[in-house]
Amino acid sequence: MNWFIKRIGQGLFTIFAVASLTFVLIRTMPGSPAQQLAADIRQNQPSLSARQINVMVEQRIGVDPDQPMHEAYMNYMLNLAQGNLGESVNYQEPVADIILRSLPWTAFVMSVSLLFVFIFGIGLGAIMAYREGSKFDVGSSIIAIFLSSVPYYVAAVVMIYVLALELSLFPLSGRYPRGVEPGFTLEFFTGALHHAVLPAASFIVTTWGGFALGMRGNSIQVLGNDYIRVAKLRGLSDRRIALRYVGRNAILPMWTSFLITVGFMFGASIILEEIFTYRGIGYYMFDSIENRDYPVMMGTFLVITVSVVIAVLVADITYGKLDPRVESGGGDESY
Amino acid sequence: MSTHETSQTASTEVPDVADPILEIRDAEVYFDMDRGVSRVLDNVSVDIERGEVLGIVGESGSGKSMLASALLDAVVDPGILSGQITYHPGDGSSVDVLGLEKEQLRQLRWEDISMVFQGAMSSFNPTMKVGGHFEETLEAHDYDVDAGMERARELLSDLYLEPERVLDSFPHELSGGMQQRALIALSVVLEPNVLVMDEPTAALDLLMQRSILSLLEDLKEKYDLTLIFITHDLPLIAELADRLAVMYAFELIEIGTSDEILGDAAHPYTRSLLNATPNLDAPLSEMQAIEGSAPDPVNVPSGCSYHPRCPLADEECVSEDPEFRPTFTENHQAACFHWQDSAEVIPFNIERSDTSEVDDE
Ligand code: SF4
């Protein structure tokens, strides 16, 4: 249990550190966003007093340019703790709302991608291992290596060109068909899925190969173990050996990299969603960078960091549960 | 490979046993390799008596593990096993092991002839509890799981383990000695008649080796097992084994009762092996390593394969392969032309006719 608490503490500390870093960046970046915002407001509404402008700036990004550093920091962190991420300069609405609106879409594309990466990667990798040295194995390995060396954004552009522009099989952009009301309707759901195919496929096509090769290597290594031979001699069915012996022992080491891929996908979503004009969290982050919308930038950055921290934390905690050989870091058996 | 033909004729002549449970004839294993045919078991013929403990001794790379795998028709893949292995379950029937269908072979293994591998540490699935291994084995062979698990608990406590604790542990939570004993219990949970053990104590310390050996003796009595114990450690097995068979260069070269082998080894290799073996009674200074190295399976010397290292070798040894022949007694046999002279040329460095001296009491 101690280990568990310690690990969560570490996660919280990381988030805290990132939040503080964001604050420092915002305060010290050349042409400080706070000052820039103040200047913007002054330009638009020259009638306001300096004090009023500072209050407005604080409202927007939680940083009052005239406050002493430590006080401002306290204020900002307290706001954050209450879930107040400030207000978007561009959209004139709370950053938290923007994130709540966009995050589910990113999560949706990511879950679809992860599911298929997992199925293709693990499945093909295992088959490749069982047929080690066959034409299938060699062919798949080459394809896997080739595809995993293609950057996901290149895959995205190629897919847009071929599947969306030339063949018109999939929509070019957007999250769901125009004119369909979001809600629990089949039309909305299939529409959303249709729109998610290309962004998800860009991930899947470029990521499955790494998993397949990893799974292939692990499986081959597991297959060479004595316990597989003993299991065969004990007369266990091939199915049981494949699932309970080879599968389990080969997949386990990949669990961590699988969850780390979640983190990678969050990062990749920034560019990918921009390419597909897919209004997920990455899209808004890109957008905020372009428009110098610092509150949104800070908010999305924080959310992405927190997601990555959570993914790694989940990887760590669950791995100990999945693999009995991994004792919890503190060496006690209480979880 | 001219040696091959001559030994074929010799191989049918094996020491008699009254009630063989396994008859092995001309067992041969080879691998086709780029640089030639690698023959890792060369026409081994031997009978195994019901209820005996047969020790098979040889240096690493002498083919003894191959012989163990051959008994279960479990030679690893590109290896090709030929010859004849007949199993007599004891009800008057006999089973042609190498001629069995896949399913029959699956049943024979573990139900009739079981095996403990070298390195218990790697014989368990690391992500499965020890108890799960017992259950799945019982299920795979359609045994009554409850009764089988009861037997497993009894076996484990016979081996001085706490059954519940061991069954509920993951393999890595047990020490090497505990894993080894759990593996022995797993190998006899289906009540086989024959238990083949390939270096089962190799990774353990001396004390644990001894205690496992004495446990095996009890287990053998209680469950009427025939034990085939394969090891490089001659003195270790000599205490437990009724008979010893010595392997050199993928062939059997001498067989006899433990006392005969230890007291009157006839084959020059056996004598040198005994002299080279560390023993509680022999000061280290007396130990003599055998000169030269074990032969390459692709390129076994012609004639007697031991001739490059043998102090008694002459032209006959180089050109012809010695057949198995009776020595001091009818059933103490050795494959050597000059066995009568071996005692004189290779004297023992200690007196070891009395094996009971090294008892673990
Ligand atoms: S046959 Fe000849 S070479 Fe072989 S062991 Fe006997 S004496 Fe030595």
Out of (1) under 27 Å from residue A:248 (Cα atoms); (2) out of contact with any Leu (no Cβ under 6 Å at 6 or more places or on another chain); (3) free of Cβ contacts under 8 Å to residues at least 60 places away in the same chain, the odd one out for residue B:140 is which?
(2)
Quick check: anything in region A:112-134 of a type in the set (Lys, Arg) and assigned by TED's automatic domain parsing to the domain that holds residue A:281?
yes
Would you mention how many residues in region B:313-334 are surrounded by 20 or more Cβ atoms within 10 Å (Cβ to Cβ) and near the ligand (Cβ under 7 Å from one of its atoms)?
2
Does residue B:97 satisfy the condition of being of a type outside the set (Phe, Trp, Tyr), within 14 Å of another protein chain (Cβ to nearest Cβ) and more than 30 Å from residue B:277 (Cβ to Cβ)?
yes
Looking at (1) at pLDDT below 85; (2) touching a Phe, Trp or Tyr at 6+ places or on another chain (Cβ under 9 Å); (3) within 11 Å of the ligand (Cβ to nearest atom), find the lone condition where residue B:301 falls short.
(2)
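Would you check which residues across region B:79-106 are in a helix (DSSP H, G or I) and buried (at least 17 other Cβ atoms within 10 Å of the Cβ) and list them?
First, the residues of region B:79-106 that are in a helix (DSSP H, G or I): B:97-99, B:102-106.
If the condition is that a residue be in a helix (DSSP H, G or I) and buried (at least 17 other Cβ atoms within 10 Å of the Cβ), then B:97, B:105, B:106 are the ones that fit.
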Residue check, residue B:114 against (1) within 11 Å of chain A (Cβ to nearest Cβ); (2) of a type in the set (Gly, Ala, Ser); (3) touching a Phe, Trp or Tyr at 6+ places or on another chain (Cβ under 9 Å), all met but one. Which one?
(3)
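One line per residue, one yes/no per condition, for (1) on the phi > 0 side of the Ramachandran plot; (2) modelled with pLDDT of 90 or more; (3) within 14 Å of chain B (Cβ to nearest Cβ):
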| site | (1), (2), (3) |
| --- | --- |
| A:217 | no, yes, no |
| A:222 | no, yes, yes |
| A:241 | no, yes, yes |
| A:258 | no, no, no |
| A:262 | no, no, no |
| A:265 | no, no, no |
| A:275 | no, no, no |
| A:278 | no, no, no |
Can you tell me which residues in region B:335-348 are buried (at least 19 other Cβ atoms within 10 Å of the Cβ) and more than 8 Å from the ligand (Cβ to nearest atom)?
B:346
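If you go through region B:226-269, how many residues are assigned to a loop (DSSP other than H, G, I, E, B), away from the ligand (no atom under 16 Å from the Cβ) and surrounded by 23 or more Cβ atoms within 10 Å (Cβ to Cβ)? Can you show your working first?
Residues of region B:226-269 assigned to a loop (DSSP other than H, G, I, E, B): B:232-233, B:239-242, B:249-250, B:265-267.
With away from the ligand (no atom under 16 Å from the Cβ) added as a condition, the list becomes B:232-233, B:239-242.
If we keep only those that are surrounded by 23 or more Cβ atoms within 10 Å (Cβ to Cβ) too, we end up with B:241.
Selection size over region B:226-269: 1.
Would you say residue B:48 is farther than 26 Å from residue B:237 by Cβ and at pLDDT 85 or above? Break it down into steps so the answer makes sense when it comes.
Numbers: farther than 26 Å from residue B:237 by Cβ: no; at pLDDT 85 or above: yes.
It is false that residue B:48 is farther than 26 Å from residue B:237 by Cβ and at pLDDT 85 or above.
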Sort through A:203, A:189 and tell me the only one that's touching a residue at least 24 places away in the same chain (Cβ under 8 Å) and either outside the structural domain of residue A:271 (by TED's automatic domain parsing) or assigned to a helix (DSSP H, G or I) (or both).
A:203
Positions within region B:23-37 being under 16 Å from residue B:299 (Cβ atoms) and part of a strand (DSSP E or B), in sequence order
B:30, B:31, B:32, B:33, B:36, B:37
Subset of region A:155-169, residues in contact with a helix residue (DSSP H, G or I) (Cβ under 8 Å, 6 or more places away or on another chain) and either under 23 Å from residue A:266 (Cα atoms) or among the polar types (S, T, N, Q) (or both), comes to A:155, A:156, A:157, A:159, A:160
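Does residue B:165 qualify as being more than 26 Å from the chain's Cα centre (by Cα) and part of a helix (DSSP H, G or I)?
Working: more than 26 Å from the chain's Cα centre (by Cα): yes; part of a helix (DSSP H, G or I): yes.
Against the criterion (more than 26 Å from the chain's Cα centre (by Cα) and part of a helix (DSSP H, G or I)), residue B:165 qualifies.
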Within region A:120-133, identify whether any single residue is closer than 28 Å to residue A:311 by Cβ and of a type in the set (Asp, Glu), and answer yes or no.
no
Given the residues A:241, A:289, which is the only one that is out of contact with any Pro (no Cβ under 8 Å at 6 or more places or on another chain), of a type in the set (A, V, I, L, M), assigned to a helix (DSSP H, G or I) and without any contact (Cβ under 8 Å) to a residue 12 or more places away in the chain?
A:289
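To keep it simple, each residue is scored yes or no on (1) in contact with a strand residue (DSSP E or B) (Cβ under 9 Å, 6 or more places away or on another chain); (2) exposed (fewer than 14 other Cβ atoms within 10 Å of the Cβ).
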{"site": "A:74", "(1), (2)": "no, yes"}
{"site": "A:77", "(1), (2)": "no, no"}
{"site": "A:93", "(1), (2)": "yes, yes"}
{"site": "A:101", "(1), (2)": "no, no"}
{"site": "A:110", "(1), (2)": "no, no"}
{"site": "A:137", "(1), (2)": "no, no"}
Hey, does region B:125-140 have a residue that's buried (at least 24 other Cβ atoms within 10 Å of the Cβ), part of a helix (DSSP H, G or I) and touching a Pro at 6+ places or on another chain (Cβ under 8 Å)?
yes
Answer yes if at least one residue in region A:220-243 is crowded, with 20+ Cβ neighbours inside 10 Å and within 22 Å of residue A:115 (Cβ to Cβ), and no otherwise.
no
Please identify the pairs in which a residue from region A:120-134 that is within 13 Å of residue A:212 (Cα to Cα) has its Cβ atom under 7 Å from the Cβ atom of a residue that is among the basic types (Lys, Arg) and surrounded by 23 or more Cβ atoms within 10 Å (Cβ to Cβ), counting only partners at least 6 apart or on another chain.
A:125/A:216; A:128/A:216; A:129/A:216
Can you tell me which condition residue B:214 does not meet? The list is (1) at pLDDT 90 or above; (2) in a helix (DSSP H, G or I), and all the others hold.
(1)
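The values are calculated or read from the model by the stated rules, or taken from the named source; none is laboratory data. Every value quoted in this text rests on a predicted model; they were computed, and no experiment measured them. Counting neighbours? That spans all protein chains shown, and the Cβs are built from the backbone with ideal geometry, glycine included.
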